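See below for the structure under consideration.
Values in this text are rule-based calculations from the coordinates and carry no lab data. All values derive from a computational prediction rather than experimental measurement. Cβ atoms come from the backbone with ideal geometry, glycine included; neighbour counts cover every protein chain shown.
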Amino acid sequence: MRHCVLLLSLICSLQVGAQRSDVNYEEKEVPGYNLPELLVSKSGRKIKNTKRWEKVRRPEILKLFQQEVYGKIPVEIAIDEVVVHEQAGDAFDGLAKRRQVELVFRKDDKKLNVEILMYLPQTTDKVPLFVGYNFSGNHTVADDPDIRLTESWVRDNPSLGIVHNQVTEQSRGAKSERWPIRTIVEAGYGVATIYCGDVDPDRDNFQDGIHPFSYELGQFRPGHDEWGTIAAWAWGLTKAMDYFETDTEIDSSQVIVVGHSRLGKAALWAAALDQRFAMCVSNNSGCMGAALSRRQFGETVGIITHAFPHWFCENLTKYSSREDKLPVDQHMLLALIAPRPLYVTSATEDLWADPKGEFLSAVEAGKVYRLYGQEGLPVTEMPEPDNPAFGTIGYHIRTGKHNITPYDWLQFIDFANAHFKLEELSENRAWFSFQD
């Protein structure tokens with residue numbers, strides 16, 4: 001059996017490798033395309049005001065993404081119990097308060113534990129909050145010996161001491177460069193993170209995580225139009241939001257959902273589904289995140305559904321190498337976040353994620369922001385690297401590779417400051433100013 005699994009894995013790797021060898025990285029090879037209309041309803045009626053957008057077009061688009069891309073969430077699952085494992089007031093040399101909370105979900109004989117790690121500024125005021133997933137466990141985001149180690153399945157990474165799909169102390173703080181917690185807290189924001197595998201392990205399994213909670217008798221995987229892993233991750237973010245609304249130290253009206261790469265896709269979908277999120281940040285989210293699929297530049301629908309079929313609903317496979325037949329494109333996903341602030345980022349060496357496609361998607365989404373009297377993205381030509389453009393939609397392309405860096409976080413904070421007007425809030429907070 002083990003040999004069969006290894007052979008299957010090798011075949012899949014060869015298939016993905018073959019597809020990557022044919023990837024288009026030339027702008028001149030981008031096919032001609034027509035984007036689906038944002039502001040024309042299914043019946044052909046033009047959408048000219050926010051009332052028609054909210055009552056007609058937005059629900060149409062949301063339903064299409066549910067049916068054809070991410071999958072619908074087939075059952076309501078509420079938090080059964082909240083367990084507070086720790087409330088400490090002396091993290092980061094007394095700069096922050098650390099809290100570790102576990103959300104418990106139960107159904108019949110099934111139980112799922114989702115742990116949230118939070119660092120909050122030392123203040124009695126309610127604070128705005130960044131929330132996002134991490135890839136390998138909460139303990140990887142900071143070199144803090146008091147962060148609980150995840151017991152969930154984690155992809156093996158022997159260089160970090162992750163073997164047999166279990167973490168060890170060796171991986172503590174391994175991804176701290178992606179989470180500049182001290183900087184975020186000094187700016188007056190809280191930061192919360194969740195290991196994505198607590199909600200749904202990132203593997204084509206569907207037998208662990210939250211998915212089995214929705215199965216009927218005899219069902220072993222989601223239906224063709226039901227939630228894949230990205231939708232499950234988005235669901236987990238909405239459950240975290242349920243908790244934040246009960247936390248007396250968090251301003252639940254100023255919660256910013258942020259995500260990098262595949263977790264950026266999840267952040268976008270969570271913000272589209274749940275309008276309680278006040279702002280969304282998509283960092284290098286690429287194909288089926290912020291980038292336009294019809295450009296067929298870098299990663300494509302065909303590649304992503306072969307390599308990661310569990311991320312999406314089964315229906316998306318119909319559009320492999322047929323992006324022009326998709327009834328939606330990603331500018332429509334970004335538009336679902338209007339009129340809330342949206343920040344989209346790219347990186348100069350991350351052609352796989354199609355930086356130009358991410359930028360053009362953000363430009364197109366501005367049509368809906370303008371219905372609300374908002375500026376959208378204030379430029380129509382890609383800015384130079386490391387020169388952010390801020391409207392109600394923000395964008396930057398950073399010098400470097402596929403990653404989330406302290407530079408990115410400085411821009412997220414600056415963008416949030418502009419929209420949340422933090423300078424008008426309590427002077428008791430230790431606000432931190434930044435220079436480009």
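Within the set 55/367; 72/318; 111/175, which residue pairs have Cα atoms separated by over 19 Å?
111/175
Arranged from highest to lowest average of other beta-carbon atoms within 10 Å per residue, in what order do the peptides 262-269, 109-116 appear?
Top to bottom by mean Cβ count within 10 Å: 262-269, 109-116.
Mind checking the dipole of the chain: about its Cα centre, +1 per Lys or Arg Cβ, -1 per Asp or Glu Cβ, Debye to the nearest 20?
1520
So, with +1 on the Cβ of K and R and -1 on the Cβ of D and E, and no other charges, what is the size of the charge dipole of region 309-383 about its Cα centre, to the nearest 20 debye?
Computed about the Cα centre, the dipole is about 340 debye.
With both bridge residues required to lie in the chain, what share of the DSSP beta bridges run antiparallel, to the nearest 5%?
Rounded to the nearest five, the antiparallel share is 50 percent.
Apply the Karplus parameterisation 6.51 cos²θ - 1.76 cosθ + 1.60, with θ equal to phi minus 60°, to every residue of region 323-340 and state each ³J(HN,Hα) to the nearest whole Hz, in sequence, with x for glycine and proline.
4, 5, 8, 4, x, 9, 9, 6, 4, 6, 5, 4, 5, 5, 7, 4, x, 6
From the phi of every residue in region 362-371, what ³J(HN,Hα) in whole Hz does the Karplus formula 6.51 cos²θ - 1.76 cosθ + 1.60 yield, where θ is phi - 60° and glycine or proline is x?
5, 4, 5, 4, x, 4, 6, 4, 5, 4
Restricting to DSSP H runs of at least four residues, report the calculated mean residue ellipticity at 222 nm for the chain, -39500 (n - 2.57) per run over all residues, nearest 500 deg cm²/dmol.
Calculated from helices alone, the mean residue ellipticity at 222 nm is -7500 deg cm²/dmol.
Quick one: check the C-alpha center-to-center distance for region 249-295 versus region 201-233, whole angstrom.
Each part reduced to its Cα centre gives a spacing of 21 Å.
Tell me which residues come under 5 Å, amide H to amide H, from residue 86 once H is placed; ignore anything under 5 positions away on its chain.
100
Please turn the phi angles of region 281-295 into ³J(HN,Hα) values with the Karplus equation 6.51 cos²θ - 1.76 cosθ + 1.60 (θ = phi - 60°), one per residue in order, whole Hz, x for glycine and proline.
With coefficients 6.51, -1.76 and 1.60, one gets 10, 10, 10, 6, 7, x, 4, 6, x, 8, 7, 5, 5, 5, 6 Hz.
Using amide H atoms built 1.01 Å from N in the peptide plane, name the residues 5+ places from residue 250, or on other chains, whose amide H lies under 5 Å from its own.
Those lying under 5 Å, H to H, from residue 250 are 127.
Peptides 31-44, 237-250, 176-189, 220-233: what's the order by average Cβ count within 10 Å, highest mean first?
Highest to lowest by the protection proxy: 220-233, 176-189, 237-250, 31-44.
With a cut-off of 12 Å, note down the residues of region 127-142 whose backbone N falls inside the zone around a label point 7 Å from the Cα of residue 85 toward its beta carbon.
137-140
Would you work out which of 133, 404, 222 lies farthest towards the positive end of the dipole of region 60-424, given +1 charges on the beta-carbon of Lys and Arg and -1 on that of Asp and Glu, about the Cα centre?
Result: 222.
Can you list residues from other chains, or at least 5 along the same chain, whose modelled amide H is less than 5 Å from the amide H of residue 394?
Correct list: 342, 343, 344.
Would you be so kind as to identify which of 305, 168, 44 lies farthest towards the positive end of the dipole of the chain, taking Lys and Arg as +1 and Asp and Glu as -1 on Cβ and the Cα centre as origin?
It is 44, whose Cα lies furthest towards the positive end.
Going by average Cβ neighbours within 10 Å, how do the peptides 361-368, 54-61 rank, with the highest at the top?
361-368, 54-61
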